[in-house]
1. Need one value: the accessible area of Leu124 in square angstrom, 1.4 angstrom probe, rounded to the nearest 10.
2. Just subtract the alpha-carbon distance of Asn239 and Ala55 from 0.36 nm times their residue separation and send over the number in nm, one decimal.
3. Given points 7 Å out from each Cα along the Cα-Cβ axis, report the Leu287 to Lys212 separation in nanometres with one decimal.
4. With a 1.4 Å probe and all protein chains kept in place, how do Arg170, Arg241, Arg35 rank by accessible area, largest first?
5. Along the charge dipole of segment 60-101, Cβ charges K/R +1 and D/E -1, which of Ser83, Val94, Pro62 sits furthest on the positive end?
6. Students often get this wrong, so check it: of Lys85/Lys235; Lys176/Lys209; Lys212/Lys288, which have C-alpha atoms separated by over 21 Å?
7. Once phi is turned into θ = phi - 60°, what whole-Hz ³J(HN,Hα) does the Karplus curve with 6.51, -1.76 and 1.60 give for every residue of segment 81-88, x standing for Gly and Pro?
8. Please list the non-local residues whose amide H lies under 5 Å from the amide H of Gly242, H modeled 1.01 Å from N, same-chain partners needing a gap of 5 or more.
Amino acid sequence: MKISSLLLKFSFGGACLWLALCGCTKAAAPQATDRAALAGKSSIIFSGTVSQLAATSFADVPKSAQTIVVKVDSVEKKPAAVSLKKGDNVTVEVKDASAFQEGTRATFYTDGWIFGSGVAVKELGHELGTVAETAPMTSAGKMSGQEKDQISDQELMDRMKTSDFVVVGRVTDVHKWNAPKSKYGAPSRVTEHEPDWHEAVVEVQSVLKGGKVKGNKVIVRFPNRNDVAWVNSPKFAKNQRGIFCLNRDQSTGAPANAGGQQANVYTCLGHGDALPISEEARVRSLLKNQ
């Protein structure tokens, strides 16, 4: 009777252990899925150490119980136009301030919030530990391709099909663009998701689709804000080289002037509309197969 009871206990304990292990295995998969989803939604991903609670890193940011200051240890993802590097102090408006203490190290998945003398972001999610401790890594020390918000061949082909031009080029200048005043003198309407339009002057080095471009330079308008409405829109910086999927501007509603003449103005507002120069061979190959 004692032996039977003992065997029953071991059997029951083993079953519980097996179920617990299964439960842990099943619980791990959604975490990886959540991480990939967060990485795709986030415009800024970085690891850092919490240095202050209920504080901000620069005066333009409203202080609250939800704002913390984080010293950046490493930057995994950010728009080219955002200046952010190791050692910078960032204000993070977090979802749950009680999850953090001074000295807490975490990887933050965020969207841009306020930019001025510093950077302030809003948390979409976080994981305790650094990127190296929380995400699968490649030999290059970056998130694996599954973690990155990469564009598939099919999506890239669809983008290029609907583009007026696909060009290889270099950004020679970036400046703010102010929409001309209405001829009736009515003030322009400012919305919550104001794009803060900027212009990039792109020197065209070769045309992959769309025929000849008039002159060797085009103007590309882009929203400089990291607002949720523009989070997937590429941002540009001087001397940036890459492949640009251009569409004639139908968003800002006003032409540009170059030397007293109207210049061709384009936008590339979607995910995958601007690619690094390292993608040139892939782009050329896909265009051949269209």
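The values are calculated or read from the model by the stated rules, or taken from the named source; none is laboratory data. Small disclaimer: the values here were computed from a predicted structure and weren't measured. Note that each Cβ is placed from the backbone with ideal geometry, even for glycine, and that neighbours are counted across all protein chains shown. The protein model used for the area step is the full one, side chains on, heavy atoms only, and it has no ligands, DNA or RNA in it. Shrake-Rupley method; radii C 1.70, N 1.55, O 1.52, S 1.80 Å.
1. 50
2. Details: separation 184, 0.36 × 184 = 66.24 nm, distance 3.62 nm.
Here the answer is 62.6 nm.
3. Simple spin-label model gives 1.7 nm for this pair.
4. Values: Arg170 70, Arg241 115, Arg35 35 Å².
Greatest to least solvent exposure: Arg241, Arg170, Arg35.
5. Ser83
6. Working: Lys85/Lys235 17 Å; Lys176/Lys209 28 Å; Lys212/Lys288 18 Å.
From the list (Lys85/Lys235; Lys176/Lys209; Lys212/Lys288), the Cα-Cα distance tops 21 Å for Lys176/Lys209.
7. For segment 81-88, the Karplus curve yields 6, 8, 8, 8, 8, 4, x, 6 Hz.
8. Gly169
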